[in-house]
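Structure, as C-alpha cells:
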Number of protein chains: 2
Amino acid sequence: MISEPVHGGLTSGGNILSEHDVVAMLAEIFKSDNAVRVGIGDDAAVLAAHPGHTVVSSDMLVEGVDFELAWASMADVGWKSIAVNVSDIGAMGARPTALVVSLGLPPQTHIEQVRDFARAAQEAVDELAPGASIVGGDLSRAPVLTVSVTAIGVLDGDRALLRAGARPGDVVAYNGELGLAAAGLALLQRGGQRNRVAAMAGAIDAQLRPRPPVSSGGEALRVGATAMIDVSDGLAVDASRIADASGVSIHFDHTIFPRLASGLGWTRVELGLDPWALVFAGGEDFGLLATFPPGVVLPEGFAPLGVVAPRGENSVMMRGRPVDYPHWDHFEQATGLPLKQP
Amino acid sequence: MISEPVHGGLTSGGNILSEHDVVAMLAEIFKSDNAVRVGIGDDAAVLAAHPGHTVVSSDMLVEGVDFELAWASMADVGWKSIAVNVSDIGAMGARPTALVVSLGLPPQTHIEQVRDFARAAQEAVDELAPGASIVGGDLSRAPVLTVSVTAIGVLDGDRALLRAGARPGDVVAYNGELGLAAAGLALLQRGGQRNRVAAMAGAIDAQLRPRPPVSSGGEALRVGATAMIDVSDGLAVDASRIADASGVSIHFDHTIFPRLASGLGWTRVELGLDPWALVFAGGEDFGLLATFPPGVVLPEGFAPLGVVAPRGENSVMMRGRPVDYPHWDHFEQATGLPLKQP
C-alpha cells in the first residue's frame, strides 16, 4: 500500500484516474485466446498446459534510450514492444502464446496515451503472433516511459533452434530486411517525417513498426534448420554469435551483398551513411538468420547469404577477409553510426 | 545496434564494462534447475514441458516509487524483486519454476552493485522458491534503477486458486504478518537503521526482505481452499477483492484483532501511527489470505481471521460495521499513512 505512492495523476478530461480504471480499460483492449484460462485481474494469469517445451524471453524499452517520444508515438512504442519480444520467441522456432506487459508511466500521462499504446500492442499481437494474448503485467510510476515485456511461447516438441548447432556445409540464409531499420532511426533522429519518398517511409516504418517473420521460425525448425537467431544487433555480430556458439565460421557470399547495399544507396546521399555499414551493422531488423543442412528447400522468405565452414581464425568472413563491423553495446560508449567499409 | 546507445559506463575498477561481461557475471550467479533446458545466453530460455497449467505474473519496482536507495541496498532490491513475484505465483496455488529479471541501470552503476543485486536475487529464489531458476532477462540503461521481473509457475493440474470462489460459511484464514512491512517502511522513511530494538529490526526486515509463504499456497489448494490472494495492498482492500470477486462478504472476528494491533503498539510511540491502521491497511505483508470450507484442517501457518457470509451491502465487515480503510493507489494522490480507526 504505502509502497505504491503518488502517481502524480493519470488523467482523463482533467480527472485523476485510479489504477482500477486503467486496468479495466486494458482488460477491454487486450483480447484473450482460449488457451488463457485466467487473464488480467487475478494475482497471476493461468495458461492451459501444452505438451511441448515452453520458451520465455524479455525485453525492456526505455524512453531516451530505446526511443524518443519526439519521433515515436505511444502507438509505435506499443507495437514495437510486442514485436521485439515475439521476434525472440520465433527465433527459437516457437509459437508465442502469452505476453505480460509492464508499464512505467511518467506523471501526467494521459489515459488516451495508454489506450493508444495498448491498442497498438494488441494490433501487433494480432498481426505478428495470432493466437497469442496479452495476459497481464504491472503499472507503475516512472521518470520516463518504461516498457518491459515478457513473451512466452511453446514448441511443438522438445527441440528448439539455438545459436549453437550450425555445422560446416550448412547453408546460411536470412528472412528479412538488412539495414533498413537503422536507416529509419537515422532519419528519425535527424527529424525525418513519415510521409516522404517511399524508400524513406519504408525505413521509418521498419524502425517504428518492425514486422519480424515470427511464424517463419517454426517453419525453419520443421524443415531441419540447425541454428537460428533474430538479427537485432546487426548481421555481422549476430552471425558471429551463431558461429561462436556453434564452433564454426560463417562465410558470406560477396556476390549477394552489392545488391543489398545498393537498395540503401539513398542513405549515402540523404544521411551521409555507408550502405554497407548499414547492411552489416545496422540493428533492429528483426529478420531471422538461420543455418540449414545442404539440400534443404528453404522456407518461404529465406534467401541464402553464405555457407558454414569449419572454424577458422575469425567468426564471420567474406571474400577471404573478416567481416569486422563495430556494433553497439548497452554499456560501451557509442560514438555514432559506423562508417568504415569492409 | 544504434538503438542501444551509450550507457555512460558500467564500471569496474575504473574500466568500462561491456554488456557481454555483465551477462557472463549474471550467468555465473544465477543457477539453473534441471527443468531449464536452455538458460541465459540464447534468444529465449527453454523450460521443460509440464503436465499442469502454467501461471505467469509480473511486477515492476522503480527507484523513487517503490524504494529509495537511501534506505534499501541493491541486495535488498534484488531480494524483494524476487519475493513480490513468487508471492503472486504462490497465491494461485502454483509452484514457481522460472523468473526473468530485466534491469534498467542508471549511468555509472558499478558492477559490484549489479553483483550484489544478483546474488541476493538468487538467495531469494533459493529460500522462497527452491527449484525455480532465473533464466533470463534484459539489461538496459534507465534514469533510475528499474527492475521488472516476470515469474512463471506450474500447477499440479488445471485448478488454480482465484480471488473468486469463496462461499458463505467458509473460514477466512491468513498466513503471514499484518502491518509489519508498512511499519518498517515508515521507520526507513524516517531514517531508521536496521539494528535497533528487535521489533523495529523485524519491521525493517519485513519491508526490505519479505518472506512470502509461497509453498503454503499449494498446500491451501490441496486441502481444498476456495479462494486466495496475497496481501500486497493491505488486508482490508485485499479481502474486499476476494469478497467482490466471489460475490460474498467477509466478516472479520473482532476478538482476534486487538492482539494483532497490540503487537504493533510500539508504532504509536515511535512513529505516531495507529496500529489498527497498519493491521488493516498496511501493505506489502505478502502473506496469504484464503478461504477454506468449514471443517478443513488449515495448513500450517494459517490462522482464522473470520468467516465468509452471503453478500451484504459491504465487502468487508467487523462487529457489524464496514471495515473501510483507505488504501494506496498507483494513480491517486496519496497523502500519508491512514490514521483513522474503525
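Here B:D244 fulfils each of the conditions (1) of a type outside the set (S, T, N, Q); (2) under 23 Å from the mean Cα position of the chain (by Cα); (3) surrounded by 22 or more Cβ atoms within 10 Å (Cβ to Cβ) apart from (3).
Yes or no: region A:92-111 includes at least one residue that is out of contact with any Cys (no Cβ under 9 Å at 6 or more places or on another chain) and assigned to a helix (DSSP H, G or I). Quick ask: steps written out before the conclusion?
Quick first cut of region A:92-111, residues out of contact with any Cys (no Cβ under 9 Å at 6 or more places or on another chain) only: A:92-111.
Narrowing the set further to residues that are assigned to a helix (DSSP H, G or I) leaves A:111.
Checking region A:92-111: at least one residue is out of contact with any Cys (no Cβ under 9 Å at 6 or more places or on another chain) and assigned to a helix (DSSP H, G or I).
A quick yes/no check of all residues on (1) surrounded by 23 or more Cβ atoms within 10 Å (Cβ to Cβ); (2) in contact with a helix residue (DSSP H, G or I) (Cβ under 7 Å, 6 or more places away or on another chain); (3) of a type in the set (A, V, I, L, M):
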residue	(1), (2), (3)
B:V65	no, no, yes
B:V101	yes, yes, yes
B:A121	yes, yes, yes
B:E127	no, no, no
B:V144	no, no, yes
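Within region B:255-268, the residues that satisfy the criterion of being within 15 Å of B:A198 (Cα to Cα) and not hydroxyl-bearing (S, T, Y) are B:G263, B:L264, B:G265, B:W266. Among the candidates B:V65, B:V55, the residue that is hydrophobic (A, V, I, L, M, F, W, C), out of contact with any Ser or Thr (no Cβ under 9 Å at 6 or more places or on another chain) and within 10 Å of chain A (Cβ to nearest Cβ) is uniquely B:V55. Of the numbered criteria (1) within 14 Å of chain A (Cβ to nearest Cβ); (2) touching a strand residue (DSSP E or B) at 6+ places or on another chain (Cβ under 9 Å); (3) of a type outside the set (D, E, K, R), the one B:V125 fails is (1). In the condition set (1) more than 9 Å from chain A (Cβ to nearest Cβ); (2) among the aliphatic types (A, V, I, L, M); (3) in contact with a His (Cβ under 9 Å, 6 or more places away or on another chain), B:A48 is compliant with all but (1). Here region B:25-42 is the region considered, the condition is being under 27 Å from A:A239 (Cα atoms) and in contact with a Ser or Thr (Cβ under 6 Å, 6 or more places away or on another chain), and the residue that is farthest from the other protein chains (Cβ to nearest Cβ) is B:S32.
Here's the yes/no breakdown for (1) modelled with pLDDT of 90 or more; (2) touching a helix residue (DSSP H, G or I) at 6+ places or on another chain (Cβ under 9 Å); (3) among the hydroxyl-bearing types (S, T, Y):
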position	(1), (2), (3)
A:S12	no, yes, yes
A:I16	no, no, no
A:H20	no, no, no
A:A27	yes, no, no
A:T54	yes, no, yes
A:S58	yes, yes, yes
A:D76	yes, yes, no
A:K80	yes, yes, no
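Can you pull out every residue in region B:48-96 that is farther than 20 Å from B:F117 by Cα and of a type in the set (S, T, Y)? Hits for region B:48-96 are B:T54, B:S57.
Of all residues in region A:67-118, those that are acidic (D, E) and under 19 Å from A:E284 (Cβ atoms) total 3. Taking first residues from region A:191-217 that are in the same structural domain as A:L69 (by TED's automatic domain parsing) and of a type outside the set (S, T, Y) and partners that are modelled with pLDDT of 95 or more and surrounded by 22 or more Cβ atoms within 10 Å (Cβ to Cβ), no Cβ contact under 7 Å between residues at least 6 apart in sequence or on separate chains turns up.
The values are calculated or read from the model by the stated rules, or taken from the named source; none is laboratory data. Since this is a predicted model, take the numbers as computed values, not measurements. Positions of Cβ are backbone-derived with ideal geometry, glycine not excepted, and every protein chain shown enters the neighbour counts.
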